[in-house]
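J.: Handing you this structure, nothing more for now.
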Ligand SMILES: [Zn+2]
């Protein structure tokens, strides 16, 4: 397993892990000691994660998983964005807005980094009560440090749908963890138990409903929490400082701005509503922000450019949405539309996070759901895979491999992969079948790397290549 740390390192990690759990259990005793112990447990947790990433990277020769590993290694430091806005960088940023009557926090980062974020912000900003913690949405990389910031009287502000989104993400943790582990192989095999730092225990005290922004004033600064559903879930809010024209966008635009958004992620979450997203974008465009402060990466300044970029994102989603509807009404299949619909040059956007063809599919399925009306077999729990062995036996595995090879020559890699699904279902260690599968995946990866460089697509292809190589065994040897 290329992502397993060597056994000695693993032992060290297990020991550190146990220490962390022990300290978390001990800590809930006295008040200020409690906060300190919580922070220490959080910091220890971060160190375990870093050690894990380092071990996994070393075990794989340092060549794999650079992207996910780099994310964890992002240095945690404070950027002062103006006189009173501070950003602690990390995988997910934590923001502190300081006023003369107390401080407001927007997003609290990943649990592995959040304690350190609190430490660096404490060093940069004089101590004051935390009056509000505002959470952009329920994803782990935005809420992990909430417990480090809440004190007696702190309001936790979130979208009305936050509890429901948090509930299903928590209930599906094992399922989602397995999927995420395919994309981020340095994650531990099972979700570690972190006691009070576990995901899924946040109880907001103020819930913001769609169409009803929550406004307050503190120390002369006006705050508006705007419901903006449809982006990274139904529970998105943004924070707007109307007097300063600063928009804290959370994940509304995704990890980059501008880009084609993840209308609906392939990681496996609930559907996201495309029209709701467009409407939320309209709300934000109308504000005319001069600065966007996202919860990933650096702020973006420049009113005109921000406006143009937001409009392009809106128009691109609208274009893909309308083209999908038109295609459905014209009787086209989802696969035809995935291949056909591309953004016109004036709406071109990066597709590093969201991908247009996947948006087409997700919009199609958002409206038509699971039954595609393609074949009767969709109605029954018998997938086509169940007759692949018959096909392989009748056609002969070697003949199928030969045909797949000619597909590879024509750069029809997915055709080759379909045929290898048949071969490898019948004979999972068929050497020629594994070899063709590997070459087809490598060719798709090369195209992805030379194309829109969608991170999820590249990570998934890499994971499939690793799995195929494992099935092939040591180079030259039998599988
Ligand atoms: Zn995020």
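The numbers here are math on the coordinates, done by the rules we state, and not lab data. Since the structure is predicted, the reported quantities are computational estimates derived from the model, not experimental observations. Glycine also receives a Cβ, built like all others from the backbone with ideal geometry; neighbour counts cover every protein chain displayed.
J.: Between helix 173-183 and the chain, what is the angle of the helix's C-alpha long axis to the longest principal axis, kept within 0 to 90° and rounded to the nearest 10?
T.: That works out to roughly 70 degrees.
J.: Using a Förster distance of 60 angstrom, determine the FRET efficiency expected from the C-beta separation of residue 288 and residue 435, and round it to 0.05.
T.: Numbers: r = 57 Å, r/R0 = 0.95.
Plugging the Cβ-Cβ distance into 1/(1 + (r/R0)^6) gives 0.60.
J.: Cβ neighbours within 10 Å, averaged per peptide: list 445-451, 279-285 in order, most packed at the top. Show your work: numbers first, answer last.
T.: Working: 445-451: 14.0, 279-285: 18.0.
Averaged packing, sorted descending, gives the order 279-285, 445-451.
J.: What angle do you read, to the nearest 10 degrees and between 0 and 90, between the alpha-carbon axis of helix 356-368 and the longest principal axis of the chain?
T.: Roughly 90 degrees, rounded to the nearest 10.
J.: Once Rh is set to the Kirkwood radius over Cα pairs, what Stokes-Einstein translational diffusion coefficient, in µm²/s, holds for the range 377-472 at a temperature of 37 °C and a viscosity of 0.692 mPa s?
T.: Numbers: Rh = 13.9 Å.
Using the Kirkwood radius from Cα pairs, D works out to 236 µm²/s.
J.: Please report how far the C-alpha centroid of the range 429-461 lies from that of the range 97-142, rounded to the nearest whole angstrom.
T.: Here the two parts' Cα centres lie 41 Å apart.
J.: What is the gain in length, in nm to one decimal, between residue 198 and residue 318 on full extension, counting 0.36 nm per residue of separation less the C-alpha to C-alpha distance? Numbers along the way, then the final one.
T.: Details: separation 120, 0.36 × 120 = 43.20 nm, distance 3.81 nm.
Length gained, residue 198 through residue 318: 39.4 nm.
J.: Continuing with the same structure: Using only the Cα atoms of the chain, what are the Rg and Dmax in Å?
T.: According to the Cα coordinates of the chain, Rg and Dmax are 24.4, 79 Å.
J.: Just to confirm my numbers, what's the Cα centroid distance between the range 274-289 and the range 313-358 in Å?
T.: 19
J.: While we're on this one: Quick one: if you stick a label point 7 Å off each Cα along the C-beta vector at residue 411 and residue 369, how many nm between them?
T.: According to this spin-label approximation, the distance is 4.1 nm.
J.: So how do 123-134, 428-439, 108-119 stack up, highest first, on mean other-Cβ count within 10 Å? Can you show the working numbers first?
T.: Details: 123-134: 16.0, 428-439: 19.5, 108-119: 26.6.
In descending order of packing, they fall as 108-119, 428-439, 123-134.
J.: Further question: Given the DSSP H assignment, sum -39500 (n - 2.57) over each helix run of at least 4 residues in the chain and divide by its residue total; what's the result at 222 nm in deg cm²/dmol, nearest 500?
T.: On the way: 17 runs with 234 residues, N = 479.
The per-residue figure over the chain is -15500 deg cm²/dmol.
J.: Taking neighbour counts of Cβ atoms within 10 Å as a proxy for exposure, in what order, fewest first, do 72, 306 appear? Please report the intermediate quantities before stating the final value.
T.: Numbers: 72 19, 306 23.
Neighbour counts put them in this order, fewest first: 72, 306.
J.: Let me ask you something else. Taking every DSSP beta bridge with both residues inside the chain, roughly what % is antiparallel (nearest 5)? Could the numbers behind the result be given before it?
T.: Details: 28 of 42 bridges.
Just about 65 percent of them are antiparallel.
J.: Relative to the compact globular guide of 2.2 N^0.38 Å, what is the alpha carbon radius of gyration of the range 214-368, as a ratio? It would help to have the intermediate numbers written out before the result.
T.: Working: Rg = 16.2 Å, N = 155, 2.2 N^0.38 = 15.0 Å.
Scaled against compact globular proteins, the figure is 1.08.
J.: Measuring from centroid to centroid over Cα atoms, what is the spacing of the range 203-242 and the range 366-412 in Å?
T.: Each part's Cα centre sits 48 Å from the other's.
J.: Using only the Cα atoms of the range 192-301, build the gyration tensor, take square roots of its eigenvalues as a ≥ b ≥ c, and label the shape rounded, prolate or oblate: rounded if a/c is under 1.5, else prolate if a/b is larger than b/c, else oblate.
T.: Details: a/c = 1.55, a/b = 1.17, b/c = 1.32.
In terms of gyration-tensor shape, oblate.
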